[in-house]
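Encoded as structure tokens, the structure appears first; notes follow it.
Derivation of every value follows stated rules applied to the coordinates shown; laboratory data play no part. Bear in mind the structure is a predicted one, so any value in this text is a computation, not a measurement. Neighbour counts run over all protein chains shown; Cβ positions are idealised from the backbone, glycine included.
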């Protein structure tokens, strides 16, 4: 261990050269150039993001309103059909099963081919 310490004593830590700061400062411009195009691009992107945010909110409200209208129309149809079927709990349960629900999202593309029994099957 003493040999190792003798080797280490031959070396000592030194800082950077004295003129390093001067060389770095000389290579950098005094004030960074600000491009008007960069500011314009940032402002345009921010404006576009704000417009898209507002439009998305408005479209979301319209979708929710239409879905609510469809749900209310279906509920009215279920009540009316349940009353026509006798008005009891079983009649309203049957009406709930008979009245179609509004589609949520785009319809699925499913091929329906007739089978041997004359009905259809889903592939």
Once you have the Cα-Cα distance between residue 96 and residue 75, take 0.36 nm times their residue separation minus that, and quote the gain in nm to one decimal. 6.7 nm
With each label point set 7 Å from Cα along the Cα-Cβ vector, what nm distance links residue 63 and residue 44? 2.9
